[in-house]
1. Working out 0.36 nm times the residue gap between residue 54 and residue 107, then minus their Cα-Cα distance, what length gain in nm do you get to one decimal?
2. What is the packing order of peptides 82-88, 28-34, taking the mean over residues of other C-beta atoms within 10 Å and listing the highest first?
3. I'd like the FRET efficiency for residue 64 and residue 164, computed as 1/(1 + (r/R0)^6) with the beta carbon distance as r and R0 of 25 Å, rounded to 0.05.
4. Could you work out how much longer the chain between residue 171 and residue 202 gets when fully extended? Use 0.36 nm per residue separation minus the Cα distance between them, nm to one decimal.
5. Set the Förster radius R0 to 35 Å, insert the Cβ-Cβ distance between residue 215 and residue 114 as r into 1/(1 + (r/R0)^6), and round the FRET efficiency to 0.05.
6. Between residue 194 and residue 140, what length in nm is gained on full extension when 0.36 nm per residue of separation is reduced by their alpha carbon distance?
7. FRET efficiency for residue 89 and residue 156, Cβ-Cβ distance as r, R0 = 25 Å, nearest 0.05?
C-alpha cells in the first residue's frame, strides 16, 4: 500500500483537456478554462493542458496503518510542451516513515512522466479525452534507510486514461502498470493499477469558481513477475480503496482535499495493513 501511496501522491494534479475552436458553455464544471476544471486526487494522469502553461503543486499525504505511519510532502510541476503533450515532474519527500519502532525521513525517488492525448473531442457541452502515459523514477532516495525511502533501481510506469466531463458530471477510468527491473534475485516487481471514478458539480460562478465532489476507486495488484525464462506471476497483495474528495478552483488557484480507505485488502506476508489515507493538494496556474 505504501507503493500505491507514493504513486498516488506523485500523480496528484489537475485534469485539463485541450481547448478547441468550439466555444463551450460556461456552466458547472466547464465554468473555468480547462486547466482549472475538476480532476482526480488519488488517481494518475489526465494532465493535458494548453501549450505553454505551467502549473505548480504542493500536496501533503498521510497513510495510517496498523503499527505504521507514512507521511509525505510532494512538490511537483506540470508543463505543457504542446496542446496534446505534457511533462510532469515530482519529488516526494518523506516527512515520517514509521514501521513499529523504526523511523526514517528524507527525499524519495524523483519521478518524471510524459503524457500524450491521441484523442480529444470537445463539444459545446462536454470534453471527452483519452491519454497514454510513460514515466520513470530516478533513485534520489535511499534504499538503505529503515524504512527505505527508495525502491533502489529506477522503476518504469505505463498507463492509459479515458475521461468525460460535462457541466454536471465527471467520469473517468484508468489502467496502468509499475515495473521495477530485476536485480540479483532475477525477478521483476510489478504492480498493476485499475482506477475509476465519478463526480458531480455542487456550485459554480461562470468564469469565477467551481466546487465539485468526486468519488474515486483505486485498485492495485502487486506481484513478482519471474524473468528467468519461466512465465510465472506470484501475487503478493491486492487492494481496492474508495476515496471521496472535494474540488475548489478559481481562475488560477486549485484546492483539493479528501481521504481514502480500503474496502478490499489482501496482503501476504508480514506487511502492515493500511487503514486511512488523507491528502490535501494546492495548485497554482502560471501563464
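Computed from the coordinates by the stated procedures, all read-outs in this text should not be read as laboratory data. Everything numeric in this text was worked out from a predicted model, so none of it was measured. Reconstructed Cβ throughout: ideal geometry from the backbone, glycine too, with neighbour counts over all protein chains shown.
1. Here the answer is 16.7 nm.
2. Those peptides, ordered most packed to least, come out 28-34, 82-88.
3. The calculated FRET efficiency here is 0.15.
4. 9.6 nm
5. Working from the Cβ atoms, E equals 0.80.
6. Result for the pair: 16.7 nm of gain on full extension.
7. 0.95
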